[in-house]
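Below is one structure, written out as C-alpha cells, with a few remarks after it.
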Amino acid sequence: MEYEVVVGLEVHAQLLTKSKMFCGCSSEYQDGEPNSVVCPVCMGMPGVLPVINKKAVEHTIRTGLALGCTIARNTKFDRKNYPYPDLMKGYQISQFDMPVASDGCLEIQVDGQTRSIGVTRVHLEEDAAKLLHRTEDYGEGYSLLDINRAGVPLMEIVGEPDLRSADEAREYLVQLHTILQFIGTSVANMEEGNFRCDANVSIRPKDDEELGTKVEVKNMNSFRSVHRAIEFEVERQIALLESGGRIEQETRGWVDDEEITVSQRTKEYASDYRYFPEPDLPPITIDPLWVEEIRASLPELPAARRARFVNDLGLSEYDTELLTISRATADYFETALNSDTSPSNEMAKAIGNWMLGEMARLQNQTGTLLDDVNIAPGQIVELQKLVDGGTLSSSMAKAVFEKMYNTGADPQAITEADGLAQISDSDAVGAAIDDAISANPQPVRDYLEGKESAIQFLVGQVMRITRGKANPQMTTELLKNKLEAMK
Amino acid sequence: MDKSLVNLTAHEARDMLDRGDVSSLELTEASLERIEEIDDRVKAFVTVTRNLALEQAREADVRIAEGNAAPLTGIPMQLKDNICTHGVPTTCSSRMLEEFVPPYDASVAERLRQEGAVLVGKGNLDEFAMGSSTENSAFFPTHNPWDLERVPGGSSGGPAAAVASGEAFFSLGSDTGGSIRQPGSLCGIVGMKPTYGLVSRYGLIAFASSLDQIGPLTRDVRDSVIVLNAIAGHDPRDSTSIEFQPPDYTAALKTDLKGMRIGVPKEYFVDGMESGVEEATRKAIDVLKSLGAEIGEASLPHTSYALAVYYIIAPSECSANLARYDGVKYGFSEQDADSMWDAYEKTRQRGFGPEVKRRIMLGTYALSSGYYDAYYLKAQQVRTIIRQEFESEFEKFDALVMATSPTTAFKLGEKMDDPVQMYLNDVLTLPANIAGIPGISVPSGLSNGLPTGLQIMAKPLGEEAMFRIAYAYEQATDWHNMTPEL
C-alpha cells in the first residue's frame, strides 16, 4: 500500500531580549556560572510575582507578522501545571487559548514546487531550568539543576500538519530559522538549544482523508536529525502497519548516535495541565497602532529578498539561496553592491562569486564566521574593479583576496606593495614578446607552419619573463599580431 | 516603666515620641516585656525579633532626634508570618517553611522598614492563611485575649491577638476571604482589607492570588489610616497593583456623616447569626443614622453563592501557588525516599497540614480537564455577577454596612471537625474579596462578653468613604477603648 506522510512541527525559539520574561535578570544565561544569573522571581521563591517583558511581547508580534499571522487584540497568560524539578514554580506561565498570534503561513520550495504551510499559532512562555544528569564512576546517578535558563523568554510556533515529507519538514524549519534571524527575534541556534523542534508524525493510506495516529518525536538537535528522525519514524510506522500492528499515540525520543526513536511516554500517562488564567498577570490589550509600528519596522523578509535578487539583480536561484542563508550574509552582499557608485548586475554576480567562492573557502578553512571576516564589503568591489580595469588578472586577484582576508588591507595597497600590478603597457609587453620570439625559434616556426596551439607556449614564456604580470589578454593579442605579421 | 504604654494607639505613641515623653527604645522594650509576660498564653508570635527590634528602636530614636520621623518611625509592630522579611524567618506557620529565611523583603515590609517602624516579631496564622481560627497553624493555636479558651479568628489570628493584647501597636495581616476583618472583629480591634491592587502583594506568600490583599490590624481607625498611608500605592513589581496615587487618608477622618448614603444589604442578616451580633449591628446602624447618614435597604441576591465561588477559586489558585513546595530548592525536604517522585510525595504529605492538603485537592479537582467548565469557569462567571451587583448598589450608596462575622469568638476545637461550619465564618466577609472592594471591621460592642464587629464596604478605591463612616462611628461610641483583661 502507498502511504502519505503527515508532519506538523512545533518550534520553541528563545527570544532575543536583554532580560528574562518576568524578571530583570539578563537573558544571556549561557555566559554565567551555573545558578549565577538568577533572582527570587526566576527561582520561583515564595511570594514573588512576575512582570511581563514588553520586548518579548513585541518580538512575538514581530514574528507573528513575519509569518502572516493575525495579531490578537486581547491576549492573556495562563498557568500550565505540571511538577518537574526544572520548573521552578510547579507551573509554567504560558498561553493557552488566547495566543499573541494565530493563522499564518510559511512558503517553502521543495523539488521546484512551492507549498504554503499553515502556522497555527505563535505564543509566548518562559523557558525552564536545565537539568544535567550525571553518573558517578561507581554507578550512582544524580541530577544537577542550573536555574540560569529558567524564565528566559520562549516563543512557541505551532505549525499545521501540512508537511508531507522529511524534506519538506527540514525546508520549513530552515525557512523559519532564517526568518527569525532576519527579523532579529531569535538567535535561533539549534545546537545551543535556543531553537528547538518537536515533530508530530503520522502516516495514512494515500487518498485517505482521516489523519493517522500521531507520534510526537522529541530530542532532535540539528536540522539533519529532524530530517533523519522523521524518515526513521515514517519507516517504523509503515513497517508496523504492514506487519499488522497498530500505531500507539505516544512520545518518542530521537537517539542521535543510534539514529532511532525510542518510546518515552504513552498516552495513558498523558498530562492534564489544568490550564487556568494566570491571576498574577492582568490580560493584555494589544494596541493596533503598536502592531502597525512593528509591521512598519519589519525588514524585508527572506522570500521578498530572494525574489529581488533573482528578478532585479539577475542572480541564479542557487546563488540567491546561498546569499540569503542568513540576514548577515545577505546584508554583507548588499552593502558591498551598494558601495559601488553605479551597481550593475555584473558587479552583483562578481560579488556573489567572491563570497561563495574564495571567501567561503577561506572561512571554512579557518572556521571564521562572517561577522569576524576582516574584509569590509566595499573592499570586494574595489578588488573587482582592479580586475575589470585590467590591473589584476583573476589569478592575481585571488592572491590579493587571500591577503585581504588575512590582513584586512585594501586591495590597491596590497597590489602596490607586492608589485602585483599587471603589465598592461603595450610597449613593455611588446618588449617581452620580442624576447620570447627570439629565444624560441622552434615554437615560432611551428606556429607559422599552422600549428596554432604553439602560441600557448609562447604566452607562457612571456609570463615567465614578466613573472606573471603581463596582462594575459593583451599578451595573446599582441603575440598573435606579431606572429601573423611574420607569416 | 509605665505598663499602660502598651495600650496606646500608634498615633498616641507618635505624639509622645515627638514630644520626647517616651523613646522608641522604651516603647519597644515595653512591647517585648508584654510579649514575654503574656505570649506563652496568647501565642500570637511565631518568631520574636528581640535584637532586631532593639537595634531598629535605637536607629528610630536617632531619626526622631534629627527631626526626620515619619508617622510610624519608632512604633513597634508585628507582621503576619506570610509576609517575607529579609533575614527573618517567614514560616507561613507551616512545617514546609519552618526553616525558610527569605533573602528579600516583601514590598510592604520594605516600605515599613524605610518608614522606620520597629519589627518585634512575626504573627501566627492558619497554615498558608487557610482557616478562620488560627488552629490550622502547624506550630500552635493562638488564643483570644478576651477569653483564652476561645479562638482569635483567622487566618490573621496572631496579628489580631497581638494588637488586642498590647504586644504590638499594629500588625499587618492578609485577607483572602475575611482573614483580617474576622479576627479583627473577634478580638475587638480594627481590621481593614484594602481594594484589591491598592497594596502590593510582592513578597506576600500567595494563597489565592486574585483574592489576597494585605491590610492593617490596629487599635483604632486613625491608626488604620496611618498604616494604610504607609503601605498603599503602585508597585512595579506587582502587575496587579493599580496605577493610582493614593490620597492622604487622614483627610477622610470626619465625625459627621451628613449626605452619606449607606445601604444595609438585607441578605447579610444570615441564618444562624448570633442574636447579640445582630443586635449590635442594628444599634450601630442607628448610630450612623444619628450622625446624619441616610440609611436605605440594599440587596445583593447572589451573595448566597459567594461562599461556593470562593471555595472553587481560592483552592484552584492555591493548588498552583503551592506547587513550588517540592523539597528541592528550599524548605522542608523528605530525604528518606526511593525516587524523585517518592521524595516529592513524602515531602508534601509531611510538610503540609490537613487543611492545606484538602484545599490543594479541591483545587486540583476543580481545574481538571472535564471539570474546568463546570467549576472554575462557572465560578468566574458568578464572580462577575457578584461584582456587578456590588457595582449597581454602589451607584445608590456610598457604602454598605453589615456584621463582620455571624458569631463572636468560638471555643478552640469547636469547629475543627466540620470544615463547612468553619467556612461559614467568612460568609459575610468573602464577598468583598470576590468583588475586589475594600472592607473594614470596627468594634461594635460585646455579646456575652465577647467583641462584635461592624463591617463597612465601599466601591473599589472608595477607602475614603469607608474610613469616614468607620471613624465617625468609632468616635461616637466607646467600643474601641475596651481592652481585654489578661
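Each value in this text was obtained by applying a stated rule to the coordinates, not by laboratory testing. Since this is a predicted model, take the numbers as computed values, not measurements. Ideal geometry is used to build each Cβ from the backbone, glycine not excepted, and the neighbour counts take in all protein chains shown.
The range B:303-380: percent of C-alpha pairs farther apart than 16 Å?
The share of Cα pairs beyond 16 Å in the range B:303-380 comes to 55 percent.
On alpha-carbon atoms, Rg over Rh for the protein assembly as shown using Kirkwood Rh?
A ratio of 1.16.
In nm, what is the difference between 0.36 nm times the number of residues separating A:VAL310 and A:VAL187 and their Cα-Cα distance?
41.6 nm
Work out the length of the dipole vector of the protein assembly as shown about its Cα centre, built from +1 on the beta-carbon of each Lys and Arg and -1 on the beta-carbon of each Asp and Glu, and round it to the nearest 20 debye.
The dipole of the protein assembly as shown has a size of about 900 debye.
Could you estimate the translational diffusion coefficient of the range A:330-487 from the Stokes-Einstein equation, with Rh from the Kirkwood formula over C-alpha pairs, at 37 °C and 0.692 mPa s, in whole µm²/s?
Using the Kirkwood radius from Cα pairs, D works out to 189 µm²/s.
Taking θ = phi - 60°, what integer Hz values does the Karplus form 6.51 cos²θ - 1.76 cosθ + 1.60 yield along the range B:338-344, in sequence order, with x for Gly and Pro?
Along the range B:338-344, the couplings run 7, 7, 4, 5, 5, 5, 4 Hz.
Extent of the range A:254-356 along each principal axis, from alpha carbon coordinates, in Å, largest to smallest?
Dimensions of the range A:254-356 along the principal axes of its Cα atoms: 64, 50, 20 Å.
Using the 10 angstrom Cβ neighbour count as an exposure proxy, how do A:SER424, B:SER405, B:SER239 rank, fewest first?
Fewest-to-most ranking of A:SER424, B:SER405, B:SER239: A:SER424, B:SER239, B:SER405.
Mind running the shape call on the range A:335-417? Use the C-alpha gyration tensor, a ≥ b ≥ c as the square roots of the eigenvalues: rounded below 1.5 for a/c, prolate if a/b tops b/c, oblate otherwise.
Oblate is the answer for the range A:335-417, as a/c is 1.5 or above yet b/c matches or exceeds a/b.
Please compare each pair in A:LYS18/B:LYS329; B:LYS43/B:LYS266; B:LYS193/B:LYS266; B:LYS193/B:LYS396; A:LYS55/B:LYS459 to a cut-off of 31 Å on the Cα-Cα distance and tell me which ones are over it.
Cα-Cα > 31 Å for B:LYS43/B:LYS266; A:LYS55/B:LYS459; rest within.
Compute log10 of I(q)/I(0) for the range A:142-275 with the Debye formula, placing one identical point scatterer on every Cα and leaving out solvent, at q = 0.22 Å⁻¹, to two decimals.
-1.47
How are the alpha carbon pair distances in the range B:358-486 distributed across 10 Å bins from zero to the largest one, expressed in percent?
Histogramming the range B:358-486 at 10 Å steps yields 11, 30, 31, 21, 6, 1 percent.
In terms of modelled amide H atoms, which long-range or inter-chain residues lie less than 5 Å from the amide H of B:GLY453?
Placed amide hydrogens put B:THR404, B:SER405, B:SER444 under 5 Å from B:GLY453.
Want the number for A:GLN363 to A:ASN406: 0.36 nm per residue separation, take away the alpha-carbon distance, what's left?
14.4 nm
How fast does the range A:346-389 diffuse by Stokes-Einstein, in µm²/s, taking the Kirkwood radius from C-alpha pairs at 4 °C and 1.567 mPa s?
Once the numbers are plugged in, D ends up at 118 µm²/s.
Strictly greater than 18 Å: what percent of every Cα pair in the range A:1-111 meets that?
The answer is 63 percent, as a whole percent.
For a 26 Å ceiling on Cα separation, which of these pairs sit above it: B:LYS80/B:LYS411; A:LYS403/A:LYS480; A:LYS349/A:LYS398; A:LYS130/B:LYS346; A:LYS20/A:LYS130?
In this structure, A:LYS403/A:LYS480 lie more than 26 Å apart at Cα.
Taking amide hydrogens as modeled 1.01 Å from N in the peptide plane, which residues meet the under 5 Å criterion relative to A:ARG252, leaving out close sequence neighbours?
Amide H neighbours of A:ARG252, under 5 Å, 5+ apart: A:GLU216, A:VAL217, A:LYS218, A:GLN264.
Which percent, nearest 5, of DSSP beta bridges in the protein assembly as shown are antiparallel?
80 percent
If each Cα of the range A:3-292 is one equal point scatterer, what is log10 of I(q)/I(0) from the Debye formula at q = 0.07, 0.14, 0.16 Å⁻¹?
-0.28, -1.11, -1.40
In chain A, what percentage of the DSSP-assigned beta bridges are antiparallel, given to the nearest 5?
90 percent
What value, in deg cm²/dmol to 500, does the helix sum -39500 (n - 2.57) over DSSP H runs of n ≥ 4 give at 222 nm once divided by the residues of chain A?
So the helix-based figure for chain A works out to -12000 deg cm²/dmol.
Kirkwood Rh, Cα Rg: Rg to Rh for chain B?
0.95
Rounded to the nearest 500, what is chain B's calculated 222 nm mean residue ellipticity when only DSSP H runs of at least 4 contribute -39500 (n - 2.57) each, over all residues?
-11500 deg cm²/dmol
For B:315-325, what's the mean count of beta carbons from other chains sitting within 10 Å of each residue's beta carbon?
Per-residue shielding by partner chains comes out at 5.
When all alpha-carbon pairs of chain A are counted, what percent fall beyond 35 Å?
51 percent
Could you run the Karplus curve 6.51 cos²θ - 1.76 cosθ + 1.60 with θ = phi - 60° over the range A:100-117 and give me ³J(HN,Hα) per residue in whole Hz, x for Gly and Pro?
Running phi through 6.51 cos²θ - 1.76 cosθ + 1.60 with θ = phi - 60° gives 4, 9, 8, 6, x, 7, 9, 8, 10, 10, 9, 6, x, 9, 9, 10, 9, 9 Hz.
Dimensions of the range A:426-486 along principal axes (Cα, Å, largest first)?
Principal-axis extents of the Cα atoms in the range A:426-486, largest first: 29, 18, 17 Å.
So which lysines can A:LYS482 reach, going by Cα to Cα under 23 Å and dropping same-chain residues fewer than 8 places off?
Answer for A:LYS482, where 23 Å is the Cα cut-off: A:LYS451, A:LYS469, listed by chain and number.
Using DSSP, restrict attention to beta bridges with both residues in chain B and report what percent are antiparallel, rounded to the nearest 5.
So the antiparallel bridges in chain B amount to around 65 percent.
So which aspartates and glutamates can B:LYS122 reach, going by Cα to Cα under 12 Å and dropping same-chain residues fewer than 8 places off?
By straight Cα distance, B:LYS122 reaches B:ASP81, B:GLU167.
Amide H of B:GLY121 versus every other amide H placed in the peptide plane: which residues, excluding those fewer than 5 positions away on the same chain, fall under 5 Å?
Distant-sequence amide H within range of B:GLY121: B:THR49, B:LEU79.
What list of ³J(HN,Hα) couplings, whole Hz, do you get for the range A:447-452 from phi and the Karplus terms 6.51, -1.76, 1.60, once you set θ to phi - 60° and write x for glycine and proline?
4, 5, 8, x, 8, 5
As an exercise, identify the chymotrypsin sites (Phe, Trp or Tyr not before Pro) in the range B:212-273 lying in DSSP coil whose Cβ has no more than 15 other Cβ atoms within 10 Å.
Filter output for the range B:212-273: B:PHE244.
How compact and how long is the range B:3-254, expressed as Rg and Dmax of its alpha-carbon atoms in Å?
16.2, 46
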